[in-house]
Each structure stands twice: as structure tokens, then as C-alpha cells.
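The values are calculated or read from the model by the stated rules, or taken from the named source; none is laboratory data. Since we're looking at a predicted model, the values are computed, not measured. Heads up, the Cβs are rebuilt from the backbone with ideal geometry, glycines too, and the neighbour counts pull from every protein chain shown. Note: areas computed on protein heavy atoms with side chains; ligands, DNA, RNA excluded. Shrake-Rupley method; radii C 1.70, N 1.55, O 1.52, S 1.80 Å.
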Amino acid sequence: MNYILFDGPARNALLPFTFTRPVADILVGIMTIRQKWEMRLGSTTTTLTEEYLSEKFPMVEMEENVMINASFVPNAILAEMVSNLGSNQAIFKGEDVIAFYTSENQEEVDFDTYEIIEFEDECLRIEHTWDIFSKNDAAIREDFQLLTEDRKSQPIPKSVNVISKENIFIEEGAKLEFVTLNASSGPIYIGKNAEIMEGSVIRGPFALCEEAVVKLATKVYGATTVGPHSRIGGEVNNSVLFGFSNKGHDGFLGNSVLGEWCNIGADSNNSNLKNNYEEVKLWSYETEGFEKTGLQFCGLMMGDHSKCGINTMFNTGTVVGVSTNIFGSGFPRNFVPSFSWGGASGFTTYITKKAFETARLVMSRRNVEFDEKEKTILEHVFEETKKWRKE
């Protein structure tokens, strides 16, 4: 069967992260949503997403296809139901479609003519930006079980101070000496060729993905994921870093999500709790205003290619768009539009020529090419987000 992951209605609620990727390629837990589906189904997938993203994330349609709503995170039961879908069948949870069968010659989809199969069990669903960190605990636990089943961990080095070693899994090539791992409150996964430097103290649930690094004497607690090739230092709590991002120095990052190719300057901090302990509101790209999250703890949402200078301070519930450059004293406002340059004293437009030069240099340091596909995506984001910048 040919499986196609589609963005669905959650796409706009997941901006700024979905400015530069489909919903399927959001990292939560140890793997992206796409990787989870592919592992559960034993099949590759393609993507139905925004037109400007389709060259990098193409869709392959065949005679028989199953369309899957990428905001749903699969578990064993749901994956089996999807793999058993036949002609003219669809899986719903309440009013929301999870998956449905289509054929190449089918002109339209009318669910009134479909056999509706109700999914009555529970599963994770990523519908808002804050779901990425707030549901990361459950996602790490599910991924850990899936990835480690019937497999044997690499041995834990003798110098490691360890609690609940049965909840720790170390992949081949990982390096760690003289660190403390406490997996009594949740599993700890250390990916292939990852490194935890000396003096670090880590409490699970925790996921360190392939080639990622925890720097000297780092403190990590809460459900935290460090994506492939990313680096963390200082103090990190209940946060998710996508691939190739750096928070490599002292400072606090809590209840936050960083996209790809982000960099947090030394001694930068974010607030994750309001002084009056009220519910946190976040900027919504859908309503173009600040909306309730239902959370008391919520920190920084930062889109791809954004950077901040040393000693930057972020207010509780700050949303930073794609390719911004923040610096200077004081707190920048709670919503920083994409391609902004400045700080608390004000912003100007970060012109694409300079932004692309920086992106090219940053990516080349990790032996990744800033190609025409990346350039085209960022050019589209620049134009789409103009209305929020004060030109």
C-alpha cells in the first residue's frame, strides 16, 4: 500500500514550525511523526503539504493510496487499523478523520459514501505548538518502547552514576563518562554516536538523538529531546530541540521548542512562568492575536534559522518566527515576526540576502548544503510573513 501523510487542519496552529516543514516532520519524542508512522507501518511515506514545500517534500500517488492525518501520532492499535484499511473505508476519531483509502482515479472524497471505522482508543495528537513539549513525556515513553523492543543496549560505562539502568538504552558509538543518569522517573535514550560530556546530570524521560551532544556539566530534567546533531548546555527542562540547533552554554531553557538551525547565545534565559502564575497566552498565526494555551508553564517557541545573542531574555510565552536575529538588553516583545533583526529597542527587516548568507555559512559548518529548495522555501516565508513586520 502507498501511504501519504497530509497536514490537515492542525498545520496553521503549528506555525512557525510548519512554515518550513510538513506536520509529519515535527520531532516529538525520539522520532518525527513521519518516522513513527514508517516504523509502525513498515513502509515509506510521502507528503501532501503546502505547494511551496512540495519540491522538498513531494507526494507520490499510486493506484491505491491511504491518506493519513499527520497530526495523529500512531500507536500499535492505530497503525494496525490503518494498515488494514480497504477500499472505501475511513478511520475517524469523533469528527476528525485519521486515515482514508483513495484510488488514483477517484475524483473526489465523500465520506458519506464511506464505511466509517471509529477509533475508540487513545493516542497522542499534535495540534498546537505547545503540544510538542507538553506531550513529549508520553511520546518519549512510546518511542523508547518501540525502538528498544527485543534489542540490547550498549553497556553503561563503569564511571557513570546510574539509577534504574533497566530504563536506559545506549546506541552504538555513543560516548559518556562520569555523568549521572537517573531513569527512575522515565526512560533515557542515547542515540548513535551521541555524546554526554563529564559532570552532566540527566533525569528522564530524555532523548538524545543521533550525533547530538550534551556539553560539560549540563543539567537536564523533565521530558527533554535533543534532536539529531543538536547541542545543549546549562539548564534545560521539558524542551524539544529539532535537528542542528544549539543551546550550548549556560542559561535556562524551559517548556520550549526550538526548530532547526537555531542558536541560543551564552547566558540567555527564557521565563516559563508568569509572575502572577496565570495561564500563558501564545501568539496565534490563525487568529493573529494571543490565545490561551491552558498551561501555567510555557516558554519559547522559535522557528528555524533563528538566533539570539548573548544574555538574551525571553518573556513567558514568546513566539519567534523563522530566520530572526535577536540581540541587545531587555525583553523583546512576545511575538517576533519572521525575518526580524533587533531586540527590545525595536526591529528592522532582516533582508533575505544577509539571512541566506548566514544560513549558508551555518549549514556548511555541518556539511549540509543550503540549496535552491531551502532558498525557495525561505523566500516564500519572507513574503508570507511581511504583514507582521513593520517595514
Requiring at least 1 residues that are closer than 30 Å to Gly303 by Cβ, over 20 Å from the mean Cα position of the chain (by Cα) and in contact (Cβ under 8 Å) with a residue 24 or more places away in the chain, the strands (runs of 3 or more DSSP E) wholly within the stretch 50-154 are 64-69, 89-93, 96-103
**Message:** Take the conditions within 25 Å of Ser284 (Cα to Cα), open to solvent by less than 60 Å² (accessible area, probe 1.4 Å) and of a type in the set (Phe, Trp, Tyr) and apply them to Phe339. Does it pass?
**Reply:** yes
Expected single match for modelled with pLDDT of 95 or more, part of a helix (DSSP H, G or I) and open to solvent by 60 Å² or more (accessible area, probe 1.4 Å) among Glu374, Glu379 is Glu379
Those residues of the stretch 123-155 which are over 25 Å from Val257 (Cα atoms) and surrounded by fewer than 17 Cβ atoms within 10 Å (Cβ to Cβ) amount to Glu149, Asp150, Arg151, Lys152, Ser153, Gln154, Pro155
Sole miss for Ser159 among (1) open to solvent by 40 Å² or more (accessible area, probe 1.4 Å); (2) among the hydroxyl-bearing types (Ser, Thr, Tyr); (3) in contact with an Asp or Glu (Cβ under 7 Å, 6 or more places away or on another chain) is condition (1)
Of the conditions (1) closer than 22 Å to Thr293 by Cβ; (2) in contact with a Lys or Arg (Cβ under 7 Å, 6 or more places away or on another chain), the single one that Ala24 does not satisfy is (1)
By residue number, the members of the stretch 263-280 that are open to solvent by 40 Å² or more (accessible area, probe 1.4 Å), within 14 Å of Gly309 (Cα to Cα) and either in contact with a Gly (Cβ under 7 Å, 6 or more places away or on another chain) or basic (Lys, Arg) (or both) are Asp267, Asn269
key: Residue check, Glu260 surrounded by fewer than 20 Cβ atoms within 10 Å (Cβ to Cβ) and of a type in the set (Asp, Glu)   = no
Phe290: passes all of (1) outside any loop (DSSP other than H, G, I, E, B); (2) open to solvent by less than 40 Å² (accessible area, probe 1.4 Å) but (2)
Listed by first then second residue, the pairs whose first member lies in the stretch 261-279 and is modelled with pLDDT under 95, whose partner is open to solvent by less than 70 Å² (accessible area, probe 1.4 Å), with beta carbons under 6 Å and at least 6 positions apart or on separate chains, are Lys274/Thr316
Kindly evaluate Glu235 against the criterion of being more than 17 Å from Leu253 (Cα to Cα) and either open to solvent by 40 Å² or more (accessible area, probe 1.4 Å) or without any contact (Cβ under 8 Å) to a residue 60 or more places away in the chain (or both). no
For Ile351, the lone unmet condition from (1) within 17 Å of Glu260 (Cβ to Cβ); (2) surrounded by fewer than 17 Cβ atoms within 10 Å (Cβ to Cβ); (3) of a type in the set (Val, Ile, Thr) is (1)
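Within the stretch 156-170, can you find the residues that are touching a Ser or Thr at 6+ places or on another chain (Cβ under 8 Å) and farther than 12 Å from Phe144 by Cα? So that I can check it myself, show each step before the final result.
We begin by selecting, within the stretch 156-170, every residue touching a Ser or Thr at 6+ places or on another chain (Cβ under 8 Å); these are 160-164, 167-170.
If the condition is that a residue be touching a Ser or Thr at 6+ places or on another chain (Cβ under 8 Å) and farther than 12 Å from Phe144 by Cα, then Val160, Asn161, Val162, Ile163, Ser164 are the ones that fit.
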Selection from the stretch 293-310 of residues part of a loop (DSSP other than H, G, I, E, B), open to solvent by 40 Å² or more (accessible area, probe 1.4 Å) and either farther than 20 Å from Leu241 by Cβ or in contact with a strand residue (DSSP E or B) (Cβ under 6 Å, 6 or more places away or on another chain) (or both) yields Gly294, Gln296
query: With respect to Glu198, is the statement that it is among the charged types (D, E, K, R), open to solvent by 10 Å² or more (accessible area, probe 1.4 Å) and under 21 Å from the mean Cα position of the chain (by Cα) true?
result: no
Of the residues in the stretch 354-371 that are free of Cβ contacts under 8 Å to residues at least 60 places away in the same chain, assigned to a loop (DSSP other than H, G, I, E, B) and not aromatic (Phe, Trp, Tyr), the one that is most open to solvent (accessible area, probe 1.4 Å) is Arg365
Q | Condition met for Phe297 (over 20 Å from Leu181 (Cβ atoms), without any contact (Cβ under 8 Å) to a residue 40 or more places away in the chain and in contact with a Gly (Cβ under 8 Å, 6 or more places away or on another chain)) | A | no
Restricted to the stretch 36-49 and to residues being without any contact (Cβ under 8 Å) to a residue 60 or more places away in the chain and in contact with a helix residue (DSSP H, G or I) (Cβ under 9 Å, 6 or more places away or on another chain), the residue surrounded by the most Cβ atoms within 10 Å (Cβ to Cβ) is Trp37
